[in-house]
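Beneath this line is the structure, given in structure tokens, with notes to follow.
The values are calculated or read from the model by the stated rules, or taken from the named source; none is laboratory data. Just so it is clear, the model here is predicted, and its values are computed rather than measured. Cβ atoms come from the backbone with ideal geometry, glycine included; neighbour counts cover every protein chain shown.
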Amino acid sequence: MIELKINGQTRSVEADPATPLLWIVRERFGLLGTKFGCGISQCGACTVHLNGVPVRSCVTPLAAAEGGDVTTIEGIGGDGLSALQQAWIDEQVPQCGYCQSGQLMSATALLEANPNPTDDDIDKAMQGNICRCGTYPRIRRAIKRAANPGLARVQRFDREVTHG
Amino acid sequence: MGKWTRRGFVTAGVIAGGGFIVGVAIRPGNRTIELSSLVAADDEMLVNSWVKIGADNRVTAIIPHCEMGQGAHTSLTQMLADEMDADWALVSMMEAPAKAEYANYPLARGFLGGFDVPAVLSPTVNGIFLQATQVMNLQITGGSASVRATGVYGMRVAGAAAREMLLTAAADAWQVPKAELTARDSMIVHEASKRSEPYATFASAAGRLTPPAEPPRKRMEDFKFMGKSMPRFDIPAKVDGSARFGIDAEVPGMKYASIVRTPVFGGEIVSLDDRGARDMAGVRDVIDLGNAVAVIADGYWQAQQALAKVGIEWDTKGNDAATTETIFQQFGADLDSATEREAWQADRELGDVSTAFAEADQIIEAEYRVPYLAHAPMEPLNATAWVRDGICEVWTSCQNPLGFRAEIAAALDVDDETVIVHNAYLGGGFGRRAQGDYAVQAARLSAAAGMPVKLIWSREEDIRQDNYRPAVMSRFRAALDTTGRVLAWQNQYVDKHEPAEAPLIPYAIDNQLIRYTDSPTHVPFGPWRSVDHSQHGFFTESFADEVAVAAGQDGYRFRRDLLKDLPRERAVLDLAAEKSGWGASLPDGRGRGISLQYSFGTLVAQVVDVTVSDGDVRVDRVVCAVDPGFAVSPDALVAQMESGIIYGLTAALYGEIYIDNGAVAQSNFHDYQMLRMAESPAIETYIINSGAPWGGAGEPGTPGIAPALANAIFDATGTRIRRLPVKNYDLQFRIHEPEEVV
């Protein structure tokens, strides 16, 4: 029996300690927001926080999380949405949405460590997360918006259109 | 002039102006049990297939398309709600169930014949296409067709018809002339008597009326939701982890399956040694599907571990010698042979090309190649199936629920009606999820194992068992006179797919010969975002640049001069050039390239800025001008341009599926590289609403980016990229030569 904290709750699970944390989170705890993408820590879709640090849960064995504190996408908003999640909506970031849990987990860790990141900081922190829909420009804007609540709002819902 | 029939459930008709109505009108008392149980509660009624009005006055748009991030669920709802004059706060949507009644006929018509059919022929043509699509069992989301086909010919018509029927029903109920009534924010209002009632009051009476054959549609200046960037319905659930994709299906008692199919396409299993695997913890079964082996276990990781322990000997059916090189040798030989035998199929023959070449002052030639490409959607392919008690229930994420149903039924040799497909959000599609192989596998595994099975493909399986974007070889010749005028354009290529017009160019060149020959290979292929436009866009817009260089002209002005009778094309090109600052001189190591593409009804011009240093290319900026006729949701269109550009850039810079020993050499994201945040350029998109027939959004951003990039690299380095991907080139920037001083 392996015990760990997940989104603040203590849970225990009977499983091979080599099992990747990803499958424990999804299949045993039923937290389906964390996604499988590649299985070899190349895409970041499975990103969770282990003791506050973003890790790729597809290659993190359950044993490594024993006694640890795991946070998933379901745990970052508290009762509502975090500033980042709200910025993701304001900037209409997701398309297919499959990678976005992982993107948000990486961005959340970035802002916790560095509340006002530069473009270079964003590049480095987000480089492990692939988005096949190409939402990178919007992710960048959403991170900046969350970091700077006073930033002028992009008129996302009122775009200029030329009439030909 | 067709009318909506009142007998059956499928109704279709033609309206003045070549419009095409497709809908399902459900007459009270004559609805199918299946439909009513799925989309109507007891106190609701179906007015027609695309709109439902509840007793609570809530309008539900029923959308026959999947959502894969393109925003179709929201854009189509906007179109319906606008024509209905609905209150947006009372509007919601649901995806249509996989029922034959929701097959999207306009899409097939678009794929098969284009939208412009002479009115006099329409009834016949529509009849043919209706039959064709019924046979094909289409419920596809593809061809960038949701808005321009289902939206224009379905949702808007359905919304307008519903509004008219509600007004008629209210006029009857209140005994007032219909002209005195207005529909506003989901209310029917009679100003003279100060009466107003919600739509729901009249819904059941409206549902008994004969739908108008030609409900009036709004003029553009009266649009309320169309043309506005409404927040997408699907986004909130995609930021808190609650959105459910196919992979998130949960069925009581389900087990997990991992699968491997024959690495050499077309191969079969010769022998199987599963002794080690069956003894492993959690393993329930090992199943031989003939061309694939699957392990079913209590957990997915257990299934994967056990599958790796299965010993499999494959028969490669003689395809194990094929490589990308032998395939391109075959293409070259087949092109040579077609030349010798004059055995071509023509896309376009204009003027007299041979005379033009004979009289040319200058002839330039080039051969282009693009490799096979995988789709690699972020959500690995998956399906959960439960075959039991004479039915097969499948939970998946796909672009074609009805097609999947038919494929599964055929594979299990059962009636279509016994297969139920539940479609969730798609974690990317790009064409891959229009093909049902993975769902068929899941159904067969559940049937064989006698339990509900969730099959998840590994990323390795996804990369190695795709239906790939075809590799293509394309050869060009152009003839120029002494003044640099283009006399002739000749293009010969191998293997044609869809859409037919992909290799055509918009430029006013009097003599054109565009033709192809077939050269089949053993590599399975399928539609990949923008289909044939993705290859031919790169070929034609790169070679156009070569011709411009040979003519001593600037790539923008060269194109512009050849578009003088196409003002819409010119306007898009001009806007992209203007916004990019075209014409300004660039420092050494930087380059700028332009392209123009018309695909899926939408015009796109793109300008790419690159910096080349130490042999590496950095894409700094992309300026994109787009004319979709009308942008139903401008921000969603911008998002699709960004998406199409990054998808196309990824392919142009890195994308290569290499065939070796008859199989795919790549396996995962470490060797099938993706564009990431740091390489992602700044993208600026500018929209022109020209008023032309409405075009698509999901694909038109993709085909022009590779040539604009290649043209920019040529500008920076003098190296012409004729074989993608760019990563295979060792690029060094050149010194920009100063303007000649006279």
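Say we look at region A:17-32 and pick out the residues that are part of a loop (DSSP other than H, G, I, E, B) and either among the β-branched types (V, I, T) or farther than 10 Å from B:D248 by Cα (or both); which of these is nearest to the other protein chains (Cβ to nearest Cβ)?
My answer is A:T19.
Specify the residue that is surrounded by the most Cβ atoms within 10 Å (Cβ to Cβ); the eligible residues are those in region B:369-392 that are in contact with a Phe, Trp or Tyr (Cβ under 6 Å, 6 or more places away or on another chain) and closer than 11 Å to B:S446 by Cβ.
B:A383
Across region B:666-681, which residue is farthest from B:L381 (Cα to Cα) among those that are out of contact with any helix residue (DSSP H, G or I) (no Cβ under 7 Å at 6 or more places or on another chain) and free of Cβ contacts under 8 Å to residues at least 12 places away in the same chain?
B:R676
Can you name the residue in region A:140-159 that is more than 8 Å from chain B (Cβ to nearest Cβ) and in a loop (DSSP other than H, G, I, E, B) and, of all such residues, is modelled with the highest pLDDT?
A:N148
Based on what the data block shows, is B:L412 surrounded by 21 or more Cβ atoms within 10 Å (Cβ to Cβ), at pLDDT 95 or above and either at positive phi or touching a helix residue (DSSP H, G or I) at 6+ places or on another chain (Cβ under 9 Å) (or both)?
no
For residues that are exposed (fewer than 15 other Cβ atoms within 10 Å of the Cβ) and either of a type in the set (D, E, K, R) or within 12 Å of chain B (Cβ to nearest Cβ) (or both), tally how many sit in region A:107-120.
The qualifying residues number 3.
From B:A358, B:A333, B:A343, B:A385, which residue is free of Cβ contacts under 8 Å to residues at least 40 places away in the same chain, of a type outside the set (S, T, N, Q) and more than 30 Å from B:A665 (Cβ to Cβ)?
B:A358
Filtering region B:237-247 down to residues that are under 22 Å from B:T77 (Cα atoms) and within 24 Å of the chain's Cα centre (by Cα), which residue is nearest to the other protein chains (Cβ to nearest Cβ)?
Filtering region B:237-247 for residues that are under 22 Å from B:T77 (Cα atoms) and within 24 Å of the chain's Cα centre (by Cα), the one nearest to the other protein chains (Cβ to nearest Cβ) comes out as B:K238.
Results for (1) surrounded by 23 or more Cβ atoms within 10 Å (Cβ to Cβ); (2) of a type outside the set (G, A, S); (3) more than 14 Å from every other protein chain (Cβ to nearest Cβ), shown as yes or no for each residue.
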{"residue": "B:R433", "(1), (2), (3)": "yes, yes, no"}
{"residue": "B:D437", "(1), (2), (3)": "no, yes, yes"}
{"residue": "B:A447", "(1), (2), (3)": "no, no, yes"}
{"residue": "B:G450", "(1), (2), (3)": "no, no, yes"}
{"residue": "B:E461", "(1), (2), (3)": "no, yes, no"}
{"residue": "B:F476", "(1), (2), (3)": "yes, yes, yes"}
{"residue": "B:K496", "(1), (2), (3)": "no, yes, yes"}
{"residue": "B:D510", "(1), (2), (3)": "no, yes, yes"}
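To keep it simple, each residue is scored yes or no on (1) more than 19 Å from B:A651 (Cβ to Cβ); (2) out of contact with any Asp or Glu (no Cβ under 8 Å at 6 or more places or on another chain); (3) assigned to a loop (DSSP other than H, G, I, E, B).
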position	(1), (2), (3)
B:T482	yes, no, yes
B:E498	no, no, yes
B:Y507	yes, yes, yes
B:R515	yes, no, no
B:P527	no, no, yes
B:S542	no, yes, no
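Checking B:V632 against (1) within 13 Å of chain A (Cβ to nearest Cβ); (2) more than 27 Å from A:N129 (Cα to Cα); (3) assigned to a strand (DSSP E or B), which single condition isn't satisfied?
Failed condition: (3).
Here's a check for you: in region A:83-101, which residue that is touching a residue at least 40 places away in the same chain (Cβ under 8 Å) and small (G, A, S) is nearest to the other protein chains (Cβ to nearest Cβ)?
Within region A:83-101, the match that is nearest to the other protein chains (Cβ to nearest Cβ) is A:S101.
Considering only residues that are over 29 Å from B:E501 (Cα atoms) and either over 33 Å from the mean Cα position of the chain (by Cα) or of a type in the set (A, V, I, L, M) (or both), which ones fall in region B:572-589?
B:G583, B:A584, B:S585, B:L586, B:P587, B:D588, B:G589
For region B:650-660, which residues satisfy the criterion of being in a helix (DSSP H, G or I) and either facing chain A (nearest Cβ under 8 Å) or of a type in the set (V, I, T) (or both)?
B:T650, the sole residue that qualifies.
Do we have B:N711 as touching a residue at least 12 places away in the same chain (Cβ under 8 Å), touching a helix residue (DSSP H, G or I) at 6+ places or on another chain (Cβ under 9 Å), at the interface with chain A (Cβ under 10 Å from one of its Cβ atoms) and more than 15 Å from B:T650 (Cβ to Cβ) here?
no
Which residue, of B:D298, B:D347, B:D352, is in contact with a strand residue (DSSP E or B) (Cβ under 9 Å, 6 or more places away or on another chain), within 14 Å of chain A (Cβ to nearest Cβ) and surrounded by fewer than 20 Cβ atoms within 10 Å (Cβ to Cβ)?
B:D298
Does B:A663 satisfy the condition of being surrounded by fewer than 24 Cβ atoms within 10 Å (Cβ to Cβ), within 10 Å of chain A (Cβ to nearest Cβ), in contact (Cβ under 8 Å) with a residue 60 or more places away in the chain and more than 25 Å from A:G102 (Cα to Cα)?
When the stated conditions are applied, B:A663 does not pass them.
Filtering region B:255-280 down to residues that are more than 27 Å from B:N467 (Cβ to Cβ) and in a loop (DSSP other than H, G, I, E, B), which residue is nearest to the other protein chains (Cβ to nearest Cβ)?
B:M280
Determine which single condition B:R469 fails, assuming it passes every other condition in (1) surrounded by 24 or more Cβ atoms within 10 Å (Cβ to Cβ); (2) farther than 21 Å from B:D671 by Cα; (3) touching a helix residue (DSSP H, G or I) at 6+ places or on another chain (Cβ under 8 Å).
(2)
Consider B:D620 against the criteria (1) assigned to a strand (DSSP E or B); (2) out of contact with any helix residue (DSSP H, G or I) (no Cβ under 8 Å at 6 or more places or on another chain); (3) surrounded by 24 or more Cβ atoms within 10 Å (Cβ to Cβ): it satisfies all of them except one. Which criterion is unmet?
Unmet condition: (3).
Exactly one of (1) more than 7 Å from chain B (Cβ to nearest Cβ); (2) under 15 Å from the mean Cα position of the chain (by Cα) is unmet by A:L104. Its number?
Of everything listed in (1) more than 7 Å from chain B (Cβ to nearest Cβ); (2) under 15 Å from the mean Cα position of the chain (by Cα), A:L104 misses just condition (1).
Go through region A:39-60 and give me each residue that's more than 11 Å from every other protein chain (Cβ to nearest Cβ), among the small types (G, A, S) and free of Cβ contacts under 8 Å to residues at least 40 places away in the same chain.
A:S57
Do you know which residues across region B:278-330 are among the β-branched types (V, I, T) and without any contact (Cβ under 8 Å) to a residue 12 or more places away in the chain?
Residue satisfying the conditions is B:T326 alone.
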